[in-house]
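Chemist: The structure that follows is given in the form of structure tokens.
FYI, it's all coordinate maths here, none of it is from the lab. The structure displayed is predicted, hence computed values, not measured ones. Here the Cβ is made from the backbone with ideal geometry for all residues, glycine too, and neighbour counts use every protein chain on show.
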Amino acid sequence: MNIPAELKYSKSHEWVKELEDGSVLVGITDYAQDALGDLVFITLPVVGDATTAEESFCDVESIKAVSDVICPVSGTIAEVNEGLADEPEKLNSEPYEAWIAKIENITDKGELLSADEYAAFLETCEEA
Amino acid sequence: MKLIFEQGGAGHCLSLLPECDVPVVRPSKVRAEKAPLPQVSETELVRHYRTLSKQVYGVNDGVYPLGSCTMKYNPKINEDMAALPGFTDVHPLQPDHTVQGCLGVLKEAETALCSITGMDRMTMQPAAGAHGEFTGLLLIKAYHRSRGDAARTKIIVPDSAHGTNPASAAMAGFTVVNIPSGPDGCVDVEALRKAVGPDTAGLMLTNPNTVGIFDKNILEITEIVHAAGGQCYYDGANLNAVMGVVRPGDMGFDVIHLNLHKTFSTPHGGGGPGSGPVGCKAHLAQFLPGPVVEAAGDGSLSLVQPEQSIGRVRTFQGNFLVAVRALCYLKTLGREGIPDASKHAVLNANYLMHLMKADYDMAYDVTCMHEFVMDLGHMKHETGVSAMDIAKGLLDLGIHPPTMYFPLIVHEALMVEPTETESKETLEEVAAIFHQLAVTAHTDPEALHNAPSKTPVSRLDEVAAARHPILRWS
Amino acid sequence: MGRYVPITPSEEREMLSAIGVDSLEALYESVPHDMLLKDGDLDLPAGKCELEVRADVTNLAEQNTRFRTVLRGAGAYRHFIPAAVGSVVRREELVTAYTPYQPEISQGILQSIFEYQTMICQLTGMDVSNASVYDGATAAAEATAMCKDRKRVKVYVSACVHPQVLEVVKTYSFGSNTDVIVVPAKDGRTDAEALTGLLGADAACFLLQQPNYFGQVENAEALGAIAHAAGAKFIMSVNPIAAALLPTPAECGADVAVGEGQPLGMPLSFGGPYLGFMAATNAMLRKLPGRIVGQTEDREGRRGYVLTLSAREQHIRREKASSNICSNEALCALTAAVYMAAMGPDGMEQAASLCTSKAHYLASQLQSEAKLPLLYEGEFFHEFVTACKPETAQAILDALEAKGILGGQPVEGGLLWCATELVTKTEMDQAISIVKEVCGQ
């Protein structure tokens, strides 16, 4: 399972990349895409909307299921990755390139794990 | 198979319409070009659809144990009667005195279905089960509103429910409260007790439920909801287990929908038309979609608007010809045949479950009603063969597979509903085929991963279809 | 009683014994005993054999009046139905199949729906179509729901749509707690000025019927432009026969096109089964309710069809689904497809042209011979309203009925007449002379 060291992670399997200007990019982890199976569509969040840490901010569809994506931070949607609307398969093939949204004006970060902590957390998931 | 657009061509056509016998008038503005529809001869047209119809599997082609769908035999007399010009050639806006036969069909069907369900009134307007759910929930909404009780905004739905239940509740403007099922697949009575309150508009329930079990606590359940001020909605999807045996009205339900295309033998047409009549107790009757059929003292029938109707849910009187077919079925079976059909549906399900137990785990190993759920979790763990693989294996052996991956509370579910119109011999053949597949799962799982191989196409790439949709020929 | 259960009493005993119970009733042990119906509780007549059922139901059918000539439409239209249509849609494998959940054995149905979707797009000019909904009214109601978002929440409906369509939209809106604003009519058509004035920043959509309930041809393009200028979506409910001739919804700028598909090969049948068709622009695709069939390939690369985009639907999205629709009107969609293929581009246009020509003849003769004035002066398609008092209207209808003719539908201000390709000049002349007599001309 690919877990890049420079990113932070949530227990609901989203990754967070902290940018220099204080904003963050958010996507789903390799583990998440593998568990969800072939994704066929993403309902992207809306630019300008407020997000709340640990609440759903968009959803992804596979053939047989729809799953909420949980926002790891509270803030405002600054940008969304429109390209994913046409190529949802990138969520599967390049999970750490396929950022979903850029979030700015961060007011709260939920519980974020380091790569090592996330790897350890995944092991407990496997056991359960 | 060629598409119809890939056949024929310019100049191919049928000769159908006469020359105009009055002066020709053209609209002042017309479309830029004619609709680019297919251009085929009658031979090409008929052969095309004949070819398509050979790649379809209906109840009349073979056994169809599709759980929750009640794929029973569709009697021929029903089709003959629905094709009578005295029904097909009647305009829906003809004056009442010229449609006494049609109103008679609706009234007779209503009366019979009310007897079977223990309801006081029924409308035939809803065109399908989900449409009926929406209608029934609006009756509940109108009822609470009429009492000035605007706080009742929540509908309780068990997690084993059909997806239409929560979707209908949301469409009717309610918030859905999901409650977990107990380990026996039935309503967790304590969870229900905690969920109800002054904001409860009602409960939606299927009984027997979606795992094929009659909820023995049903009276307690409906009492809890009533005591909290809510109404009880009965999803009639599984009525085939209990018609003429026990009535939803006696279980404490206030409003129900039926599926004439399941329980009452009308054909499903590859996805419709169905019919989803909604029945209710007297206290909800004034809210029914109008108009309803009323009889005058002299026996004449007319269409009358209920006092506080929620309004129409469909134009005219719904899928009328489906009601004609259901009425034929009701007349044929009558008071002895209706319970006899249900009892044999339950017998067939239990017999088939008994025959399959040796090879497959049952999700709930108790006497079932009209259907049962197998749990292939163990088989998948042992052999890698999933519920999907077994279903696809059945396609090669000439059986329509059971419902897959429903209810959601059983992970590798196959839900089997044989119906009463299958013979003992057919059930034994079905069990033998399932046995053969269970053996194959252990000896040659790869063969099942690759099934089907004898159908016109093999497994189709649903992921590609959804990622880059091609939804029309061009 | 009649019976479709093939189990004999001796087989029944063997089966019960295998299961380990001693009677059918014992299978219901989980049902509380005092709830079980006792003999005589079920208030139904005794069952009947096929011969008796046939006699009974035929007798009901014979109690209806079949009119030789039908000059009434108002949402349900008697058209010519080619023999090929009936022969195809009576095929029992098509009639008795379930929804195509198993694509490998359902390619016939799936391909027929894919072809239907294509033909609906060809007829309306729109980009995408779903596999059908219940009828034209529910299609209109579902279309209004497609257009709403968090900020745009109000639905505007022309006063000239079919009154039952308006009623269904209102019922659905009672469910979703949506405000419905009726845009008034002026001279039998939608009042464009009123529409401009009414549309606000919270307008989700404007629903127009073409031709409208009174048969009038609306200036759809201009009304659509007004809706778009206010940021609202434009929904057109079209008659599919008229659509073969009039500018398409796409040409008029519609975001969603819906309609009652009954004229496409379905008999009147006292109101159903009918067909709701729905088509939309690509931008609205994900909002379309109900089933949609898509093309794909099997493992050997052969072309095939599947139900697709299912994650929009109730069985997956549950309470978050935008619609609850499950069963639709598949066999009616097939009927419409066979009808359109049989008629072809020329036949469809010819049917439309015959309808409008005959309606104009009927209207002109009612005016000149029977001195019944038209209530509205605007251009009409195959329906029109003649002005008369309710008593006169009733007298006309009674006199026509006595001769086997169904006259126009009573509406406010007069009678709403319709002519299709099925009525001949001779039939119309007879009707006109009867009306003339009633009106004392």
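Chemist: Tell me, how many Å apart are the Cα centres for segment B:172-215 and for segment C:281-308?
Modeler: Using only Cα atoms to place each centre, the spacing works out to 35 Å.
Chemist: Mean separation of Cα pairs under 8 Å and 6+ residues apart, divided by the residue count of segment A:66-113: what relative contact order is that in percent?
Modeler: 55
Chemist: Normalise the Cα radius of gyration of segment C:83-338 by 2.2 N^0.38 Å (N = residues in it) and let me know the number.
Modeler: For segment C:83-338, the normalised Cα radius of gyration comes out at 1.00.
Chemist: Could you tell me the calculated FRET efficiency between A:Ala35 and C:Ala395, based on Cβ-Cβ distance and R0 = 60 angstrom, to the nearest 0.05?
Modeler: About 0.20, to the nearest 0.05.
Chemist: How many times 2.2 N^0.38 Å is the alpha carbon radius of gyration of the protein assembly as shown?
Modeler: Ratio of Cα Rg to 2.2 N^0.38 Å: 0.94.
Chemist: Can you give the Rg and Dmax of segment C:232-316 based on its C-alpha atoms, in angstrom?
Modeler: Every Cα atom of segment C:232-316 included, Rg and Dmax give 16.0, 47 Å.
Chemist: Per q in 0.05, 0.09, 0.11, 0.14 1/Å, what log10 I(q)/I(0) does a Debye calculation on the alpha-carbon atoms of chain B return?
Modeler: -0.22, -0.71, -1.02, -1.38
Chemist: Taking beta carbons within 10 Å but only from partner chains, what does the mean come to for residues C:72-85?
Modeler: Per residue, the average neighbour count from other chains is 3.
Chemist: Among DSSP beta bridges whose residues both lie in the protein assembly as shown, state the antiparallel percentage, nearest 5.
Modeler: 70
Chemist: Label-point separation (nm) for B:Ile470 and C:Lys320, each offset 7 Å from Cα along Cα-to-Cβ?
Modeler: My value for the distance between the label points is 3.1 nm.
Chemist: Cross-chain or 8 or more residues apart, Cα under 22 Å: how many lysine pairs in segment C:318-441 fit that? Count them up, please.
Modeler: Lysine pair count for segment C:318-441: 13.
Chemist: Hey, another quick one. Using only the Cα atoms of segment C:9-62, what semi-axes does the equivalent ellipsoid have when each is the square root of 5 times a gyration tensor eigenvalue? Give whole Å, largest first.
Modeler: 34, 18, 8
Chemist: In addition: Find the eigenvalues of the gyration tensor of the Cα atoms of segment A:12-127, then list the square roots of 5 times those eigenvalues as equivalent ellipsoid semi-axes, largest first, in whole angstrom.
Modeler: 20, 19, 12
Chemist: Separate question: Kirkwood Rh and Cα-based Rg: tell me the resulting Rg over Rh for segment C:1-131, rounded to two decimals.
Modeler: In segment C:1-131, Rg relative to Rh is 1.12.
Chemist: So how far apart, in nm, are the two label points at A:Glu54 and B:Glu223 if each is 7 Å from Cα heading toward Cβ?
Modeler: Result: 4.1 nm between the two label points.
Chemist: Restricting things to alpha carbons, tell me how big segment B:286-349 is in terms of Rg and Dmax, in Å.
Modeler: Just the Cα atoms of segment B:286-349 yield Rg and Dmax of 16.6, 47 Å.
Chemist: Can I ask one more? Dividing the convex hull volume of the alpha carbon atoms of segment B:261-384 by its residue count, what do you get in Å³ per residue?
Modeler: For segment B:261-384, the hull spanned by Cα atoms encloses 200 Å³ per residue.
Chemist: What's the average, rounded to a whole number, of partner chain beta-carbon atoms within 10 Å of each residue's beta-carbon in C:163-169?
Modeler: That works out to 4 on average.
Chemist: Which ordering of B:Leu260, C:Leu44 is given by a fewest-first count of other beta-carbon atoms within 10 Å?
Modeler: In increasing order of surrounding Cβ atoms, one gets C:Leu44, B:Leu260.
Chemist: Could you list C:Ser237, C:Ser23, C:Ser173, C:Ser87 in order of exposure, starting from the residue whose Cβ has the fewest other Cβ atoms within 10 Å?
Modeler: Result, fewest neighbours first: C:Ser23, C:Ser87, C:Ser173, C:Ser237.
Chemist: With contacts defined as alpha carbon pairs under 8 Å and 6 or more residues apart, what's the relative contact order of chain B in percent?
Modeler: 19
Chemist: Sort B:Asp375, C:Asp187, B:Asp340, C:Asp135 by Cβ crowding within 10 Å, fewest neighbours at the top.
Modeler: Going from sparsest to densest Cβ surroundings: C:Asp187, B:Asp375, B:Asp340, C:Asp135.
Chemist: Using the C-alpha atoms of segment C:336-441, what convex hull volume per residue, in cubic angstrom, is computed?
Modeler: With only Cα atoms used, segment C:336-441 gives 109 Å³ per residue.
Chemist: Ok, one more. Pop out the ³J(HN,Hα) list for segment B:349-357 in order, Karplus 6.51 cos²θ - 1.76 cosθ + 1.60 with θ = phi - 60°, rounded to Hz; leave Gly and Pro as x.
Modeler: Once θ is set to phi - 60°, the couplings for segment B:349-357 become 5, 5, 5, 5, 4, 4, 5, 8, 4 Hz.
Chemist: Note the per residue figure in Å³ for the convex hull of the C-alpha positions in segment B:65-219.
Modeler: 161
Chemist: Quick check: pseudo-label points 7 Å beyond the Cα along Cα→Cβ at A:Ser93 and C:Asp202, how many nm apart are they?
Modeler: About 4.6 nm separates the two model spin labels.
Chemist: Another question, then. Just to confirm the number: angle between the C-alpha axis of helix C:220-229 and the first principal axis of chain C, 0 to 90 degrees, nearest 10?
Modeler: For helix C:220-229, the angle is close to 80 degrees.
Chemist: Show that you can apply the helix-only estimate: for the protein assembly as shown, add -39,500 (n - 2.57) for every DSSP H stretch of four or more residues, divide by all residues, and state [θ] at 222 nm to the nearest 500.
Modeler: -11000 deg cm²/dmol
Chemist: Let me ask something additional. If you scale each eigenvalue of the Cα gyration tensor by 5 and take the root, what three semi-axes come out for segment B:82-125, rounded to whole angstrom and sorted largest first?
Modeler: 23, 11, 8
Chemist: Given a Förster distance of 41 Å, report the FRET efficiency between A:Glu82 and B:Ala358 from their Cβ-Cβ distance, rounded to the nearest 0.05.
Modeler: 0.15
Chemist: How high is the relative contact order of segment C:1-147, in percent, counting Cα pairs under 8 Å that sit 6 or more residues apart?
Modeler: 12
Chemist: Would you please give the FRET efficiency between C:Ala83 and B:Val189, computed as 1/(1 + (r/R0)^6) with r the Cβ-Cβ distance and R0 = 56 Å, to the nearest 0.05?
Modeler: 0.40
Chemist: Measure nothing but the geometry: give the 0 to 90° angle between the long axis through the Cα atoms of C:107-124 and the longest principal axis through the Cα atoms of chain C, rounded to 10°.
Modeler: The two axes meet at around 10 degrees.
Chemist: Hey, quick one: spin label on B:Thr153, modelled 7 Å out along Cα-Cβ, who in segment B:223-252 has an amide N within reach, i.e. under 20 Å?
Modeler: B:228-231
Chemist: Need one value for B:241-253: mean number of C-beta atoms belonging to other chains within 10 Å of its residues' C-beta atoms.
Modeler: Across B:241-253, the average partner-chain Cβ count within 10 Å equals 3.
Chemist: Moving on to the next point. Please determine, in degrees from 0 to 90 and to the nearest 10, the orientation of helix C:9-19 with respect to the longest principal axis defined by the Cα atoms of chain C, where the helix direction is its Cα long axis.
Modeler: For C:9-19 against chain C, the angle is about 70 degrees.
Chemist: Across all directions of projection, what mean area in square nanometres is found for the Cα convex hull of segment B:364-474?
Modeler: 9.4
Chemist: For chain C, just the Cα set please: Rg and Dmax, both in angstrom.
Modeler: Rg, Dmax (Cα atoms, Å): 25.5, 84.
Chemist: Quick one: give the max-minus-min coordinate of the C-alpha atoms of segment B:49-103 along each principal axis, largest first, in Å.
Modeler: Principal extents (Cα only, largest first): 44, 29, 19 Å.
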